[in-house]
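Have a look at the structure below, then the notes.
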Amino acid sequence: MGSTKTAIAAATSFAMGFALATAASAQETKVAIGISGWTGFAPLTLAKEAGIFKKNGIDATITKIPQASRHLAIASGAVQCAATTVETWISWNANGVATKQLFQLDKSYGADGMVVRNSIASIKDLKGKTVAASAPGTAPYFALAWFLKKNGMTVKDVTVVNLEPGPAAQAFIAGQNDAAMTYEPYLGQVRDKKEAGKIIATTLDYPMVMDTFGCTPKFIADNKAAIANIVKSYYEALDMIAKEPAKANGIMGADVKQSAEQFANSSKYLRWQGPEENRKFFSGGIQEFSKEAAALLTELGIIKSTPNIEDIIDASFIK
C-alpha cells in the first residue's frame, strides 16, 4: 500500500513538474540575435550561457554574422534583433532594412583602432598606402573614414582591401598591407606583436564607436514584455560581471577562444553601459552623434538620404 502511495505521489510530482516546465517553456519568447565576436557584445553571450535570458523568459539564439551581411539576416527574417554600431543602424534604415535601436551596449575606449607599420609616423603618411578594413557600411570602414577625415583625408587617398577585423589583424601580423582597421580582441594581438607594427590611433583619440541593440519594428510591437526582459537580462549580465568577474570573464572569453584573463584585458578598452549611462545617451547623445555620422555616411555614398533619427530609436524600454 505504501509503495502504491509512493508511486502515485512520484507520478503526480513528475506530472506537475512536467506541466510547470511545459508552461514555462510555452511562456518563453524565442528571439534570434545577430552579433560578431566583438568584445563589447559579450554580455549578450553571457546572458545566454549563464541562464539569465532563460530565467527572464527569453529563448535566445545568438549567431555570429559579419557586420557586412547582418542586415541581410534581419531582412530575411533569419534574425529579429542585432547588435551593431549606431551609424550602422542609420545605414540599414536608409537602405530599406527597418530597425529600431532599443538600448546602448557599450562605448569603445581604445578597443577599436588603426594599426600601421612602424615606419609610418602619422595617419597622413598613409596617403597612397594600402589599408585593410571591412566593407563599406561596416564600423571598421566608417572608423577608417572618420580617422582619415579628422586628418584632412578621405578613403580615396588610400587603397582599401576588404577584410573583416580578425583576418585584417592576422594579415597585418603576417606582413600584409600597410595598415589595418580592427578591434578587440584582435587589436590586442597586434599590440603583442610589436615587431609587426604599432597602434597609431584608437577610439581614445577619436571617440566614435558606440554600440546599441535593436530589433525589427514588428518584433518590438509583438513582444513588448520580452523586449523589457532582454534589457533586464543585459543589465543583470553586467551585474554578474561586477560580482563574479572570474566566472563571467571565463564564459565570455570561451566564446572568442580566450582565457578569462585575456578577455578581461580586452574588455579594459571599452565601457559597458548600464541604466544610468543609457538614460543619458538616449537623452541627446545618440541624436547628436547620429547627425554627424549621417553626414559622413552621405559623403561616403553609403546612404543617399538620412532617415528620421527619432524613427530609428525607441527609448521606451530604458527605465
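All of the numbers you see were taken from the coordinates with simple rules; none came from a lab. Every value quoted in this text rests on a predicted model; they were computed, and no experiment measured them. Here the Cβ positions follow ideal geometry from the backbone for every residue, glycine too, while neighbour counts run over all protein chains shown.
Observations on the structure shown:
- Distance distribution P(r), region 18-166, all Cα-Cα pairs, bin width 5 angstrom from 0: 2, 8, 15, 18, 16, 13, 10, 7, 5, 3, 2, 1, 1, 0 percent.
- When the charge dipole of region 112-202 is built from unit charges on Cβ atoms (+1 for Lys and Arg, -1 for Asp and Glu) and taken about the Cα centre, the candidate among Ile199, Ala180, Met153 whose Cα reaches farthest toward its positive end is Met153.
- Distances between every pair of Cα atoms in region 112-202, grouped in 10 Å steps from 0 to the bin holding the largest one, split as 20, 60, 20, 0 percent.
- Both radii come from the Cα set of region 212-319: Rg as radius of gyration, Rh as Kirkwood radius; their ratio Rg/Rh reads 1.04.
- Only Lys, Arg, Asp and Glu carry charge here, each on its Cβ (+1 for the first two, -1 for the last two); on that basis region 112-202 has a dipole of about 300 debye about its Cα centre.
- Furthest towards positive pole of dipole, Ala294, Val256, Asn56, structure part the chain, Cβ charges: Val256
- Descending by average beta-carbon neighbour count within 10 Å, the peptides 46-57, 98-109, 251-262 line up as 98-109, 46-57, 251-262, the highest first.
- Those aspartates and glutamates that a straight Cα-Cα span of less than 19 Å connects to Lys156, excepting residues fewer than 8 apart in one chain: Asp125, Asp178, Glu299
- Treating each Cα of region 192-262 as an identical point scatterer and summing with the Debye formula, the log10 of I(q)/I(0) at q = 0.16 Å⁻¹ comes to -0.92.
- Entry note, the chain: the mean residue ellipticity at 222 nm calculated from DSSP H runs of n ≥ 4, each adding -39500 (n - 2.57), is -14000 deg cm²/dmol after division by the residues and rounding to the nearest 500.
- Here is what passes the span test in the chain: the DSSP H helices with alpha carbon length of 20 Å or more along the helix axis and a Kyte-Doolittle mean of 0.0 or above are 2-27, 224-243, 286-300.
- Pairwise Cα separations in the chain fall into 10 Å bins from 0 onward with the following percentages, short to long: 6, 25, 32, 21, 8, 4, 2, 1, 0, 0.
- Cα-derived Rg to Rh of region 33-113, Kirkwood definition: 0.96
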